[in-house]
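Okay, structure first, notes after.
Readers should treat all values here as calculations from the given coordinates under stated rules, not as data from a laboratory. In this text the structure is predicted, and so the values were computed from the model without any measurement. A quick note on method: Cβ atoms are made from the backbone with ideal geometry, for glycine too, and the neighbour counts reach across all protein chains shown.
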Amino acid sequence: MAGSRYAYVRNFELPDPLLPSTFFVIRIDGKGFHGFSKLHNFDKPNDKNALTLMNEAAKRVVGGRELNGECVLAFGESDEYSKLVTLVVSVFSAAYVALWPQYFPNSPLTLEELPVFDGRVVQYTSEEEVRDYLRWRQVDTHINNLYNTAFWALVLQGGRTNLEAEKDLQGTISSQKQEMLFSRFGLNYNTVDPMYKKGSIVMWEDESRVEAPDASVGVVTPSSKLELTAVYRMMPALQESASTEAATTAEGAAPRGMPSLPPGVKPRMRKKPAKPKRRLVVLHEDLINDAWWEEGGRGDGLLSG
Ligand SMILES: Nc1nc2c(ncn2[C@@H]2O[C@H](COP(=O)(O)OP(=O)(O)OP(=O)(O)O)[C@@H](O)[C@H]2O)c(=O)[nH]1
Ligand SMILES: [Mg+2]
């Protein structure tokens, strides 16, 4: 087969490299979830089960063997989650489908409306850019959630049509929306579920870290779009194993940078250092403030560690 006249088509498979020493951010976004959420009657403006399902699928991506535990953090809001594109999107979609019946037992998936996600990778060269990327998503979460909360209060409790509600909100700023929610609908926006206001952060936590009893159930995932963001760091170890693999494909060649050994002598393998025990947690915390990223905050050393 390898030598067939058709084998030339392989030449169209071009290398698809990523820059070394960068952070990869992969964002996954639900395709057509406006219609999908209607079909399955998601609660408005936020459906706790739909968002929790996104978080659980994200945990499967971050914690699964496919990605070797190399993803450092995932952030979700609505139908979006950011992380290596094809693998991540595929694991995420498969986990979403597998978990669906747990969250929507009375609304089976159909072939006509499959939950599918697109994914894109962006590379950033500094930690500050990665922090700003996550801040950007969380600001989006806040803006969308406040708008949607006000919009659906006007429609569902205020009896306005969708068009009227849209007009009512045109040109209003955050404080006006919050004031309207409080004075007309008795809703103090500060009391809204942090998952809706701040989105969900899925991250590894050292098991030795002392936690408040309910800290492990937090999430940062609000608002109107279902999306997931995953952040990878191109680890030196990963680059090394990739180049070693490439170098050993040529028969008898020693991996780059290593002296060749006499025949029959096996290279001594370096033992991997023992990793501290860690578990995945879902948090709904403020990533915009520097405190989260600095010493004593949860993000301390997350990207550089
Ligand atoms: N009711 C409800 N709808 C949601 C929820 N989360 C997301 N959605 C819907 O999903 C949509 C996601 O936004 P977009 O990603 O911009 O829209 P989309 O229809 O997925 O469009 P494309 O991503 O361009 O394919 C929102 O506009 C909502 O209609 C939720 O918790 N409840
Ligand atoms: Mg979408």
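Some values worked out for this structure:
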quantity	calculated
Cα-based Rg / Dmax (Å) for the range 3-50	21.0, 58
Nitroxide proxy distance, nm - points 7 Å out along Cα→Cβ at Glu295 and Gln123	3.3
Protection proxy ranking, peptides 169-177, 129-137, 116-124, average beta carbon neighbours within 10 Å, highest first	129-137, 116-124, 169-177
Counted charge near Trp152, where neighbours are those whose Cβ lies closer than 11 Å (Asp, Glu -1; Lys, Arg +1)	+1
Length added when fully stretched, Ser107-Phe185, from 0.36 nm per residue minus Cα-Cα	25.0 nm
Two-site label geometry, Tyr6 and Gln157: point separation in nm, points 7 Å out along Cα→Cβ	6.3
Using alpha carbons only: equivalent-ellipsoid semi-axes of the range 63-187, gyration tensor based, whole Å	34, 23, 12
